[in-house]
Structure formats: C-alpha cells, structure tokens
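The values are calculated or read from the model by the stated rules, or taken from the named source; none is laboratory data. Computed from a prediction, not measured in an experiment: that's the story for all the values here. Ideal geometry is used to build each Cβ from the backbone, glycine not excepted, and the neighbour counts take in all protein chains shown.
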Amino acid sequence: MTATVLVVDDIEANLKLLEARLTADYFEVRTARNGPEALQICAQERTDVVLLDVMMPGMDGFEVCRRLKSDPRTQHLPVIIITALDQPSDKVRGLEAGADDFLTKPVDDVALITRVRNLARLKVLTDEMLMRASTQEQMGFASVGVNLEDLAQDGQVLVVEDRKRSAERIIEALEVEHIVERETDAAAALLRVAECNFDLVIVSLSLEHADGLRLCSQVRSLDVTRHLPMMIIVEPGEEARLLRGLDIGVNDYIVRPVDSNELVARVRTQVKRKRYVEHLRDRLEETVEMAMLDPLTALHNRRYMMSHLETLLQEATMRDKQVSVLMLDIDYFKVVNDTHGHDAGDAVLREFAERVRRNIRGIDLACRLGGEEFVVVMPDTDLAKAYLIGERLRQCIAAAPFDAGEKASALKMTASVGVAAIEQPSDTPSRILKRADQALYCAKRDGRNRVVADAA
C-alpha cells in the first residue's frame, strides 16, 4: 500500500519541492496551504503522515499539531514538523506539541524519505489495531479509550553507554519522569532487554568495545524485542551510520551534544507510543478470549469475522482500498471423522488452523467459519495477490502429513480454496463471502486440491 502524505506549507515553491521528492519515492501526496485546510483534510480524508511547516500566517504549525493530537480522530496521525527554525527550544516546542519528529530546512532527501517511511509503517500497525478495536466496540464490548499523556510517565528505560559522564547526564535528564538503568556492555545489554520489559532502549553508537548498530540489529531480530522502541545517540557527521540504523529499525535518534530538553521530549514520545500499542493489544486480547475465538482452533469465529469484514469494506469504500477473501475447505474431512474418530478430526482442524496462521500476514484475519471451513480476510489485497496467497496456503496444506493423534497415523490432507475480492462500493460481507463460496464450489467440483478465483 502506498502511504498518503499531506504536505502543509504556505509557500508554493516549498510545496512543489516536497511533493516532487515524495512522489519520486512513490508516496501519494496531498497539499494544504494553511492550518485550517490541513485540519479539514486530516479529519475527512485518508492521511498517513503529515509534513507540517511552522511559520504560517494565522494558525502556525505548532497550533495545527496541537489540534491534530487533541482530536480523537487524528491523535494517532504521525506529524513531522519541517521548519527553518534551528534553535533547540523550537525543536522541543514542536515535540511537546505532539510532533513525532522535527526536521530543519534545508531537509536532507534521504533523512526525509526514511522518516516518512518509518512513520507510515507505524501508522499501518496502529490503524489495524484501532480498526479491530472499533469492531469490538460495534459488537458491544468495552471501549479501549485511554488518555495518551497518562502513558508517557514512569517508563522503563535502558541506556547503553560506556562514557560515564555522558551516561550520567542522560540519566539525570530522564530520571525525573522515568526509571532509568544503565549498561556498559553490549552483550549484557542484549540479555537485559530480552529478560526485562523495557519501554525504550537508548544505544550510543560511540561504544568503545562494541558496535552499537550490531546491538540494535540483534535487539530487532529477537522475537521478544522485535517491537521494542530504540533510540540511538550519534556523533555529528555520522549520517551513513544513522541511516543504517534507521534501516535496521531504530525508531529515533539524537545528535551529540545531547540537548536534555529534546532528549526528554523524544523519550516521552517513544514511551507513550509503545505503551499505547501495548494497551490496545492487551484490551484486544482480553476481549478476544471472552467472545471472539473459536475454542478448538483459537482462530477468530464467524461472529467477529463478519463484523470485521464489514468494517474493512466500509473503509475500502471511503478510501479506495482493496479487500479480498479466501474461503478454504478441507478435502474429504468427513472421512477422517468416520474412519479415525472425532479426536483425530479435531487434531487435524487444529493443525490446519496453525498452518494457515503461520502463512498469512499479521494484518490478515484468519477465522473458522464452521466445521471444516475457514476464511482469511485480507485488507489491501487485490484478487490476483489473493490468488497467489491461496495457492501458497494450498501447497502448505498438502506439503506434509497431519498429526492426527495417538490413535491414528499421520494423514495426508489437501484443501480447496475459493477467492473473491471487493468489486463495487455496494458490496457487503454476505455478497463477497457468497462469491468466495461459489469459487470454492468450483474448486471442489473440478477435482479439489486447487484454487479458484471468482470470475464475476
């Protein structure tokens, strides 16, 4: 999916320059020439990242940012402030207004694109979690609302720095709001982050006996720390290492000499963002466990799937997005129950569900429709891509025998798959599922163990 970037500036030349830079990297770009226009666009149209100039007549960029972050409809929208102001106080003012980043003119092209791309990826994750939360609220479960500022305090922060005086200054600045620990050894730091629930790791790239970037890469590669926010401290002129760090997955950086106020503001943002995502995830898990999982396979059930698909289709209609559905049926499943018993059948269903779960994206939704029928709902996926995913799942099912329990030998299983995609704004969950079911019927009629896409 191409991210949509809103560029806000009252100077036409600046708008054209930023639009050209972003378009060259395949972003979709919209423009606004003042604060009120920007607020209206963000409230009414799909926007993934805002590039916001500060010095505008009437409503300046700081005020625009504050209003975006105070509006529940837009408070999760990433904002990058771009300005000619270069005083540390200006940067802190922007960050305290809620900005996710701050870039000074003239803006380096690589830094700009990297920042936009990283924030756009984060927006995709947050949007998906918020959409699932919205689905839950529509089904009558408790709201996941929370005051974001309440999440920005008392963070668990690990500072990896072997310069004693530098570490002391960082800890002194942060310990007013957070619980800060220090580690001088990279290997020891890696063990700490794997064992403890830190909210942020700050890594110096000037470690004497270790490569700070290697540590960041190791942190990002571990399952338990894959989403842990990381900030690096870089020396002036280390642009190449900085960009390498951002490619690895570092969330933010600060350049020496470290300004304490900027450091505090950036740490507050990272802690708040991490805590909020965790809050969403925890509430979602609680509710899912209560009412929305199939007890046998632990996949989402039909009730949740229908509500979630309806939400996705509404979103697709409003923002011109794609949605596709796979409907899967285990071939000759009745034979398993009749020959080996229902315990063996249950074991096959559980293994089938696990294979499906392992071979789809995190934003896709796998559900058990009932019996031996399963559905995968895929946002931002057209019919052609959905067909390829269906074929991958079919091959995965057929590739290895299924463990059917102690009373049955391993069983060779296959699956038939029907594929359908949204075709028109009036499509409903029932219509798209019916087309997928018809395609599934064709797959079974034509010999099973195959994928058929809706040809309507």
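Examine the stretch 368-380 for a residue that is in the same structural domain as THR297 (by TED's automatic domain parsing), closer than 28 Å to GLU128 by Cα, free of Cβ contacts under 8 Å to residues at least 12 places away in the same chain and under 32 Å from the mean Cα position of the chain (by Cα), and state whether such a residue exists. So far as the stretch 368-380 goes, no, none of its residues is in the same structural domain as THR297 (by TED's automatic domain parsing), closer than 28 Å to GLU128 by Cα, free of Cβ contacts under 8 Å to residues at least 12 places away in the same chain and under 32 Å from the mean Cα position of the chain (by Cα). Take the conditions surrounded by 18 or more Cβ atoms within 10 Å (Cβ to Cβ) and within 24 Å of the chain's Cα centre (by Cα) and apply them to HIS227. Does it pass? So HIS227 fails the test. Under the condition of being closer than 20 Å to ALA167 by Cα and not charged (D, E, K, R), the residues counted in the stretch 220-241 number 7. Within the stretch 396-407, residues that are on the phi < 0 side of the Ramachandran plot sit with their Cβ atoms under 7 Å from residues that are in a helix (DSSP H, G or I) and small (Gly, Ala, Ser), at 6+ positions apart or across chains, in these pairs: ASP403/ALA347; ALA404/ALA344; ALA404/ALA347; LYS407/ALA344.
Residue under question is GLU208, and the condition is that it be part of a loop (DSSP other than H, G, I, E, B), more than 23 Å from PRO78 (Cα to Cα) and charged (D, E, K, R); does it hold?
Yes; evaluated as a whole, the condition is true for this residue.
Inspect the stretch 305-328 for any residue being farther than 30 Å from ILE170 by Cβ, surrounded by fewer than 21 Cβ atoms within 10 Å (Cβ to Cβ), of a type in the set (A, V, I, L, M, F, W, C) and in contact with a helix residue (DSSP H, G or I) (Cβ under 6 Å, 6 or more places away or on another chain) and give the result as yes or no. Within the stretch 305-328, one or more residues are farther than 30 Å from ILE170 by Cβ, surrounded by fewer than 21 Cβ atoms within 10 Å (Cβ to Cβ), of a type in the set (A, V, I, L, M, F, W, C) and in contact with a helix residue (DSSP H, G or I) (Cβ under 6 Å, 6 or more places away or on another chain). Filtered by the rule that a residue be touching a strand residue (DSSP E or B) at 6+ places or on another chain (Cβ under 7 Å) and either under 21 Å from THR126 (Cβ atoms) or part of a strand (DSSP E or B) (or both), the stretch 1-21 gives THR2, ALA3, THR4, VAL5, LEU6, VAL7, VAL8. Select from the stretch 381-419 the residues that are of a type in the set (S, T, N, Q), modelled with pLDDT of 90 or more and either over 15 Å from ASN449 (Cβ atoms) or touching a helix residue (DSSP H, G or I) at 6+ places or on another chain (Cβ under 6 Å) (or both) and list them in ascending order. Within the stretch 381-419, THR381, THR414, SER416 qualify.
Among residues of the stretch 219-244 that are within 14 Å of VAL110 (Cα to Cα) and assigned by TED's automatic domain parsing to the domain that holds ASP199, those with a Cβ under 7 angstrom from a residue that is among the polar types (S, T, N, Q) and part of a helix (DSSP H, G or I), sequence gap 6+ or separate chain, pair up as LEU243/THR114.
Scanning the stretch 61-92 for residues that are in contact with a Phe, Trp or Tyr (Cβ under 7 Å, 6 or more places away or on another chain) and either among the small types (Gly, Ala, Ser) or modelled with pLDDT under 85 (or both) returns a single hit, LYS91.
Of the residues in the stretch 101-122, not one is at pLDDT below 75, assigned to a helix (DSSP H, G or I), farther than 20 Å from LEU77 by Cβ and not hydrophobic (A, V, I, L, M, F, W, C).
Return the only residue of ILE170, ILE179 being crowded, with 22+ Cβ neighbours inside 10 Å and either in the same structural domain as VAL255 (by TED's automatic domain parsing) or under 13 Å from VAL267 (Cα atoms) (or both). Spell out the reasoning first.
Values: ILE179 fails: crowded, with 22+ Cβ neighbours inside 10 Å.
Exactly one of ILE170, ILE179 is crowded, with 22+ Cβ neighbours inside 10 Å and either in the same structural domain as VAL255 (by TED's automatic domain parsing) or under 13 Å from VAL267 (Cα atoms) (or both), namely ILE170.
The single residue among GLN75, GLN40 that is assigned to a helix (DSSP H, G or I) and surrounded by fewer than 19 Cβ atoms within 10 Å (Cβ to Cβ) turns out to be GLN40.
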